[in-house]
Each structure stands twice: as structure tokens, then as C-alpha cells.
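Trainee: My questions all concern the structure below.
Every read-out reported here was derived from the displayed coordinates using simple, explicitly stated rules and does not represent laboratory data. None of the values given here were measured: they were computed from a predicted structure. Because the Cβ atoms are built from the backbone with ideal geometry, glycine has one as well, and the counts that use them run over all protein chains shown.
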Amino acid sequence: MQLTHSLKAQVARLPYAAVSVLAAIAAFGAYTSMYAFRKAFAAGTFHGEQYLHIDYKVWLVIAQIVGYTMSKFYGIRFIAEIKGAKRGLTILLLIGISWLALLGFAVVPAPYNIVFLFINGFPLGLIWGLVFGYLEGRRSTEFMAAVLSISLIFGSGFVKTVGQTLIHTYHISEYNMPFLTGALFAIPLVIFVLILELMPPQTEEDKLLRAERLPMDAQERKHFIIRFLPGIILTIIIYVLLTIMRDVRDNFEVEIWNSLGIKDKSIYTRIDTRISIIVLVAMSLLILIRKNLRAFSVIHIFIIGGCVLVGVSTLMFSLKMIGPVSWMTMAGLGLYLGYVPYNAIFFERMIATFHYKSNVGFIMYVADSMGYLGSVSILLIKEFARPNISWGAFFKEGVMIVAIVGGICGVLSLIYFLQSARRNTAKATGADFKFSTV
């Protein structure tokens, strides 16, 4: 305990920029390590296995997403109310439970082991809010959150490459591979979480620029939703669409590439690394925009632009103007240009713009719960209503819906929040005028 306090004191004395870089690297490492426990199973294809005429892998994906979705609903309250002192231990405990579930998946025969993917998914759904809690409300949140969010892209592809390597190079079975992949990342996970625990709290300047971040009780959560209801509805529509297609790409990337005639097991990491770098640069540059409303507007433009890129690239691929690698790269970039801001900086700058004492975790988990509910619903519809459509064709149709509906809702969301900000300014100006005339 004394050593921890000593290290915290030393970190607090470091320059602000150095602390930000250290926190960003630790958050990226912790969340990438979490992906080893969540997405490694997706590297397997479990070819030819079906139960009740549904592919075994689809059952696994559904089971994990159901657990993950239930976790997001639980997290609306849990993440909103959690105190900072409990974060690190909670992260390690939850991921430890998910790892034990992967051991159950390895030793219990199919199809009875499907339930262990549900158990695996529930605790992992809380990790994002816990990790982001170390980063929110800072002058450098954009940079730190951008680095963290790259794990959403890089981590998934990297873990699937590790899983495929264990299967094809070391001949590990598809059932044992997820647990062993987790074992490779267990020690790095502990190290990164310990580093996050050393991070100092918000400074007074952070609170002045970005609003103080506090736990929220039920009444405060209700007031927040009522205050921003139209914008939240539009945001959730876009986020649900992005989550569904990002999840399809994430869970069935192997099958999508196979349907396109490409079976290079290293392509996941290669393509996702390119996307990661572009998204990292774009998100990080927002730190240069000090005015919160302007930054919030630029974030909307990223989201709208991502939807446009998805639609244009898919149309070009349909007309055979580009090949499958270019299409998957551009479509993936468009999805993540829309998806990553919601997981990193959209709600951060929203709270800062309106200077609302709250926390990102609450509203993020409201959106996430809806997003993953939509994701599991679409999986069930696909399997029962359109079982013969390939994942490649399904992905292609889905991203066009994202492009059209998401783009329109993004424009409407931008208009709503700009008007809301102007009303706030007008009220504040009016209040100041009345005060000055008293």
C-alpha cells in the first residue's frame, strides 16, 4: 500500500503531457488485453457444426452478445455510480470470471459449452466504462480516448491473428484456443491495470474546461435523459446501426473475407492496423480544438463522413470500380470513423459543451445497451428469416442501411445540438443582463 502511494505521488509530479501519454498507453494495453478474452473464439470457424439448423459459431456469438447486452443494461447504473477507488480491482475480477468461463468452454463438450460464452460476455461488457473512467474529463481526453479506441479496431484483428496462429501453426483446437489466448495476455493485463491505478484525479483546470465528473444517482440520470432526449434518440439510432454492422464485421470477419475469396490469415491485423492509424490521427487532432461546441460539431462531421464513406465505397464495389480489399478497408474505416467517436469523445465533448455535471459512463451504457440489443436481434433475424444469405452479402446490405439512415440522423443530430447550445447561450446572456440591471 505504501509503495502504491509513493508511485502515485511520483506520477502526479510528472508533466501533464507525460501522464496523458502513460494513461493512454495503459488504457490501450488494458483494453487490447481484454479483447483476448472476448474475441479470440471468433478466430475459429467451427466449420460444419450446427444445432437446430443454426451454425454453432452463430450460437456462440449470440450467447456472448446476449451476456454482453445484459451487462450493458446493468452497467447503466453500475458504471454511473461506481467510485474510482474500486475500478482496478473490479476490472481484474471481471476479466478473471470471463477467463474461467473460457476454461469451461474448453472442457465441456458442445453444444452444452455454449452457455459459457454467455457467462464470458456478461462481465466483459462492463470493462469499457471502467477503463474510460480513468480518462474522462481531462484536457487531453481526446488524445487518450483516441489511443484507447484504437484497441476497438487493432485489438480485435490482432487477437484473431493470434488465435489463427495457435490453430494453424501450433495445432491448438478451436475449443482450447480462446482460453490459451487469454493466458498469453493475462500478465500484460495486470501490468496495464496497475499503471491505470496510478493516474491522478482531475485537476482544477480539467474541471473548469470539461466539467466535473461525478457519480450519478437515479434522479440525476433521469434529468439528463429528459434534458437531451431528442439528441439522445438520434444518437442511439446511429449508434445501434453502427454497432450492428461493426459487430457483424468483428465476429464474422473470417467468413466475410472467405466469401470474397481471400483467405490470408494476416489480413485482419494488416487492414485493421491501417484503419487504426487513420482513426487515431483524426481523433487525436481534436485536442487542438479548445472550444467544446466547435469540437462537438467536428465530431458530428466525422460520423456523417464515415457514413458517406461506407455508402460510396460499397456502391463502388458493387459497380466493380474497386476490389474487395479496397472495399473492406474503406467500409471498415467508415464504420469506425462513425463508431469510435461515440466510444471515445462524442459524449465527452457533449458534457463539456453543456457543462453538465455527470459522467460519460452513464450515457455511453444507455447507447451501448440499445446497440447490442439491436445486434443480437439482427443476428436472430438473419439466422431465422434469411439463413441462406452469406455473411459477405449480409454485410454489404447492412452497411448501405448504415450509410443512408446513419447519415440522415447524423445531420439531424448536429442541427439539434447546435440549436440547443444556442438556446443555452441565449438564456445565459439573458440571465446576465437581468443580473446587471438589478
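Trainee: Please compute the net charge surrounding Glu220, taking Lys and Arg as +1 and Asp and Glu as -1 over other residues with Cβ under 11 Å from its Cβ.
Mentor: +2
Trainee: May I pose another question? List the trypsin sites (Lys or Arg not before Pro) within the range 53-124 that DSSP assigns to loop and that have no more than 10 neighbouring Cβ atoms inside 10 Å.
Mentor: Numbers: sites: Lys57, Lys72, Arg77, Lys83, Lys86, Arg87; in loops: Lys83.
Loop-located and lightly packed - Lys83.
Trainee: Most exposed first by the Cβ proxy, i.e. fewest other Cβ within 10 Å, how do Ile301, Ile114, Ile65 rank?
Mentor: With the sparsest Cβ surroundings first, the list reads Ile301, Ile114, Ile65.
Trainee: From the cross-link list Lys83/Lys291; Lys39/Lys382; Lys57/Lys83, which pairs have alpha carbons spaced over 26 Å apart?
Mentor: Cα-Cα > 26 Å for Lys83/Lys291; Lys57/Lys83; rest within.
Trainee: With contacts defined as alpha carbon pairs under 8 Å and 6 or more residues apart, what's the relative contact order of the range 300-362 in percent?
Mentor: For the range 300-362, the relative contact order is 36 percent.
Trainee: Over all distinct alpha-carbon pairs, what is the Kirkwood Rh of the range 120-278 in angstrom?
Mentor: Values: mean 1/r = 0.0528 Å⁻¹.
Kirkwood hydrodynamic radius for the range 120-278: 18.9 Å.
Trainee: List Lys222, Lys320 from most exposed to least, where exposure is judged by having the fewest other Cβ atoms within 10 Å.
Mentor: On the way: Lys222 11, Lys320 7.
Ranked by crowding around the Cβ, least crowded first: Lys320, Lys222.
Trainee: Going toward the positive end of the dipole of the range 323-438, with +1 on Lys and Arg Cβ and -1 on Asp and Glu Cβ, which of Tyr372, Val399, Gly361 do you reach last?
Mentor: So the residue furthest toward the plus end is Gly361.
Trainee: Something else now. Contact order normalised by length for the chain, with contacts defined as Cα pairs under 8 Å and 6 or more residues apart; what percent is it?
Mentor: Working: 627 pairs, mean separation 111.9, N = 438.
That works out to 26 percent.
Trainee: Follow-up. What is the order of Cys307, Cys409, fewest Cβ neighbours within 10 Å to most?
Mentor: Starting with the residue having the fewest Cβ neighbours, the order is Cys409, Cys307.
Trainee: Full extension from Glu81 to Arg274: what is 0.36 nm times the residue separation minus their Cα-Cα distance, to one decimal in nm? Let's see the in-between values first.
Mentor: Values: separation 193, 0.36 × 193 = 69.48 nm, distance 3.68 nm.
Stretched out fully, the Glu81 to Arg274 stretch lengthens by 65.8 nm.
Trainee: Out of Gly261, Gly311, Gly104, any idea which swings most in a Gaussian network model of the chain, alpha carbons joined below 10 Å?
Mentor: Residue with maximal mean-square fluctuation among Gly261, Gly311, Gly104: Gly261.
Trainee: So, one more: Taking the 0 to 90 degree range and rounding to the nearest ten, how far is the long axis of helix 292-318 tilted relative to the main principal axis of the chain, both from C-alpha atoms?
Mentor: It is inclined by approximately 30 degrees.
Trainee: Mind ordering 289-300, 356-367 by average Cβ neighbours within 10 Å, highest first? Spell out each step's value before the answer.
Mentor: Numbers: 289-300: 17.8, 356-367: 23.5.
Taking the mean over residues of other Cβ atoms within 10 Å, the ranking is 356-367, 289-300.
Trainee: Okay, next question. Which order do the peptides 115-128, 184-197 come out in when sorted by mean C-beta neighbours inside 10 angstrom, highest first? Before the final figure, lay out the partial values.
Mentor: Details: 115-128: 22.6, 184-197: 18.0.
Order by mean packing, descending: 115-128, 184-197.
Trainee: Add -39500 (n - 2.57) for each DSSP H run of 4 or more in the chain, then divide by its residues: what number comes out at 222 nm, to the nearest 500 deg cm²/dmol? Walk me through the numbers on the way to the answer.
Mentor: Numbers: 19 runs with 337 residues, N = 438.
One gets -26000 deg cm²/dmol as the mean residue ellipticity at 222 nm.
Trainee: I want to verify a result. In a Gaussian network model of the chain, Cα cutoff 10 Å, which of these has the top mean-square fluctuation: Thr32, Thr90, Thr69?
Mentor: Thr90
Trainee: Based on the Cα gyration tensor of the range 295-371, what are the three equivalent ellipsoid semi-axes, each the root of five times an eigenvalue, rounded to whole Å and given largest first?
Mentor: 31, 12, 8
Trainee: For the range 1-132, take N as its residue count and report Rg(C-alpha) divided by 2.2 N^0.38 Å.
Mentor: On the way: Rg = 18.2 Å, N = 132, 2.2 N^0.38 = 14.1 Å.
Dividing the Cα Rg of the range 1-132 by 2.2 N^0.38 Å gives 1.29.
Trainee: Next up: Can you give the FRET efficiency to the nearest 0.05 for Ser173 and Ala393, using r as the Cβ-Cβ distance and R₀ = 25 Å?
Mentor: Between Ser173 and Ala393 the formula returns 0.25.
Trainee: What number does the range 163-204 give for Rg over Rh if you use C-alpha atoms and the Kirkwood radius?
Mentor: That ratio is 1.33, to two decimals.
Trainee: With each pseudo-label sitting 7 Å past Cα toward Cβ, what's the Ile191-Ser6 distance in nm, one decimal?
Mentor: 2.1 nm
Trainee: If you don't mind, there's one more thing I want to ask. For Ile226 and Ile404, compute 0.36 nm times the residue count separating them, minus their Cα-Cα distance, and round to one decimal in nm.
Mentor: Once the chain is fully extended between Ile226 and Ile404, it gains 61.3 nm.
Trainee: Now, a different point. For Lys427 and Thr203, compute 0.36 nm times the residue count separating them, minus their Cα-Cα distance, and round to one decimal in nm.
Mentor: Working: separation 224, 0.36 × 224 = 80.64 nm, distance 2.86 nm.
Contour length minus the Cα-Cα distance gives 77.8 nm.
Trainee: Hey, another quick one. Enter the angle in degrees (range 0 to 90, nearest 10) between the Cα long axis of helix 267-284 and the first principal axis of the Cα atoms of the chain, meaning the one along which they spread out most.
Mentor: 0 degrees
Trainee: Given a Förster distance of 30 angstrom, what is the FRET efficiency for Asp264 paired with Met321, based on the Cβ-Cβ distance and rounded to 0.05?
Mentor: Calculated transfer efficiency: 0.85.
Trainee: Spin-label point model (7 Å from Cα, Cβ direction): what's the Phe46 to His355 distance in nm?
Mentor: 5.3 nm
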